[in-house]
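*Asks:* What follows is a structure written as structure tokens; I'll ask about it next.
The values are calculated or read from the model by the stated rules, or taken from the named source; none is laboratory data. No experiment lies behind these values; they were computed from the predicted model shown. All Cβ positions, glycine included, derive from the backbone under ideal geometry; neighbour counts span all protein chains shown. Accessible surface areas use protein heavy atoms only, side chains included; no ligands, DNA or RNA. Shrake-Rupley method; radii C 1.70, N 1.55, O 1.52, S 1.80 Å.
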Amino acid sequence: MTETGGDYSGRLYNEDLAPVEEDGRTWTWYSLFAMWMADVHSIGGYTFAAGLFFLGLTGWEVFVALIVGITVVYFLMNLTGIAGQRHGIPYPVLARISFGVFGANIPALIRAIIAIFWYGIQTWLASVAVQVLLLRIWPSLEQYTQNSILGLSTLGWVCFLGLWAAQLFVLHRGMETVRRFVDWAGPAIYVAMFALAIWILAEAGWRVDLSLGSRELTAGGELLAFFTAISLVVAYFSTLLLNFCDFSRFAPTERMVRWGNFWGLPVNFTVFSLITVVTTAGSAAVFGRTIMDPVDIVARIPNTFALIVGAITFAVATIGINIVANFVSPAYDLSNAFPSYIDFKRGGLITAVLAVLVMPWHIYGSPVAINYFLGGLAAFLGPLFGIIIADYYLVKRGRIDVEGLYREGSASPYWYSGGINRRAVLVFVVSAALSAVIALVPAFGPAAPFSWFIGAISSAALYLAAARRAREEVPAPEA
């Protein structure tokens, strides 16, 4: 499907949303492997893994929880990835199967809003690494950090907008350029991570205390903390659990998707987690306190060359995760809302502009904004995943009329009622409300880390029940 036919709707189709042709399937298992390296190897990924220490677990318990969690992610990610690969379609088009050709804008725009905010936050975090680097090389730039323009200093704005423009340049050149970027950006961070771990171990006398962060817990408390860590790992990947098909659609075979996911998730994440555990534990021995921000550790290394290499690689890695997790998705999602006017590149430009306007440094610095706004939105991701996956694998059983995804009215089996599957929307509202209450109401604090699973399981169960009832309501054919 390379051009619109007479019955393809301009409100549903453009070349970026169309199924990928065979000659466009250029993402090998290594490209997907490198994509996961770009996603995992970031300042945010390191800080997340290091933060699990403070659940009260020992270093080894944290490490095991990370491995179990990423194994769960691997199997769940294959579900989304294989659906996208089979039909060559991006996430918002996949969502049309269960939500309807127009109803799919609900899950698409929810994913886009989350991505836009996190795109801005990750860009700002990477710019902080660049600022540390510039100040170390040219201390005289300190004078440009003393003022404040809408919350950022002059130097802060220069670094932020520089990285903002660099990412926009990569995305504006299309998905093939994204593939080439992540092919080398993903592995690049291993250079800095291994060097940092070796330096930390050497400074600590090659001995670190992996009991860091542990505290006396009851047997039940320790078990709860362990499963909490596993659930948080899954929740960390919850955005890409929805839109991984934006990338897997470019893979030539299902086997390529599974193989790339295997090396990029369980294998790669295990190695990264081991380095994170060692480096975090070692930072307490070297600096007298636990440091969870790798840029802060790099800034303390008394070697300018090492600081330059470390800051650059962490900045590049954060750009990588930003493009993978927070840039590609809203570009497709916004295009899906107005395909006649917004293509992939325009969607990316809109994303970049909005990411500046939300002033992400204010959001990141506000626990209320992070916990209640972004946390509340994230609680919707589990229910979306549950509905989409349950419908594709258990209701439709993978049998899809791909051309019907781009048509309106009776020509499409996904028209439902005016282009919206009202049952899917109702199930989403109910299960998302449940998930959000558990995630945000303090009384449910111990269950909050499990809100993604609660939302996904409850929505899948409710959707299957609704689908069964819909079949029962269809009158039997007359004899």
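*Asks:* Just one of (1) modelled with pLDDT of 90 or more; (2) surrounded by fewer than 21 Cβ atoms within 10 Å (Cβ to Cβ); (3) not aliphatic (A, V, I, L, M) trips up F250, so point out which.
*Replies:* If we test F250 against (1) modelled with pLDDT of 90 or more; (2) surrounded by fewer than 21 Cβ atoms within 10 Å (Cβ to Cβ); (3) not aliphatic (A, V, I, L, M), just (2) comes out false.
*Asks:* Is it the case, given these coordinates, that S127 is among the polar types (S, T, N, Q), more than 30 Å from D23 (Cα to Cα) and in contact (Cβ under 8 Å) with a residue 12 or more places away in the chain?
*Replies:* yes
*Asks:* Right, something else. Give, as residue ranges, the helices (runs of 4 or more DSSP H) completely inside the range 40-128 that count at least 2 residues that are open to solvent by less than 10 Å² (accessible area, probe 1.4 Å) and closer than 14 Å to T276 by Cβ. Can you show your working first?
*Replies:* Details: elements: 43-51, 59-87, 91-99.
Because the criterion is at least 2 residues that are open to solvent by less than 10 Å² (accessible area, probe 1.4 Å) and closer than 14 Å to T276 by Cβ, the helices (runs of 4 or more DSSP H) in the range 40-128 that meet it are 43-51, 59-87.
*Asks:* Are any of the residues in the range 244-251 acidic (D, E) and within 15 Å of M35 (Cα to Cα)?
*Replies:* Restricting attention to the range 244-251, the residues satisfying the condition of being acidic (D, E) are 246.
Add one more test, that the residue is within 15 Å of M35 (Cα to Cα), and what stays is 246.
Checked the range 244-251: at least one residue is acidic (D, E) and within 15 Å of M35 (Cα to Cα).
*Asks:* Condition check: β-branched (V, I, T), under 14 Å from S459 (Cα atoms) and open to solvent by 70 Å² or more (accessible area, probe 1.4 Å). Does V429 satisfy that?
*Replies:* yes
*Asks:* Give me a count of the residues in the range 404-426 that are open to solvent by 20 Å² or more (accessible area, probe 1.4 Å) and closer than 26 Å to G455 by Cα.
*Replies:* The qualifying residues number 8.
*Asks:* Hey, can you tell me all the residues within the range 134-178 that are of a type in the set (V, I, T) and under 20 Å from V358 (Cα atoms)?
*Replies:* Across the range 134-178, the qualifying residues are I149, T154, V158.
*Asks:* What single numbered condition from (1) of a type outside the set (D, E, K, R); (2) touching a residue at least 12 places away in the same chain (Cβ under 8 Å); (3) assigned to a helix (DSSP H, G or I) fails to hold for W157?
*Replies:* Going through (1) of a type outside the set (D, E, K, R); (2) touching a residue at least 12 places away in the same chain (Cβ under 8 Å); (3) assigned to a helix (DSSP H, G or I) one by one, W157 breaks only (2).
*Asks:* How do the pairs read when you match residues in the range 324-349 that are assigned to a loop (DSSP other than H, G, I, E, B) with residues anywhere that are of a type in the set (F, W, Y) and open to solvent by 10 Å² or more (accessible area, probe 1.4 Å), using Cβ under 9 Å and keeping only pairs 6 or more apart or on different chains?
*Replies:* P339/Y13; S340/Y13
*Asks:* Is at least one residue of the range 50-67 modelled with pLDDT under 95, within 16 Å of the chain's Cα centre (by Cα) and more than 21 Å from D343 (Cα to Cα)?
*Replies:* No, the range 50-67 has no match at all.
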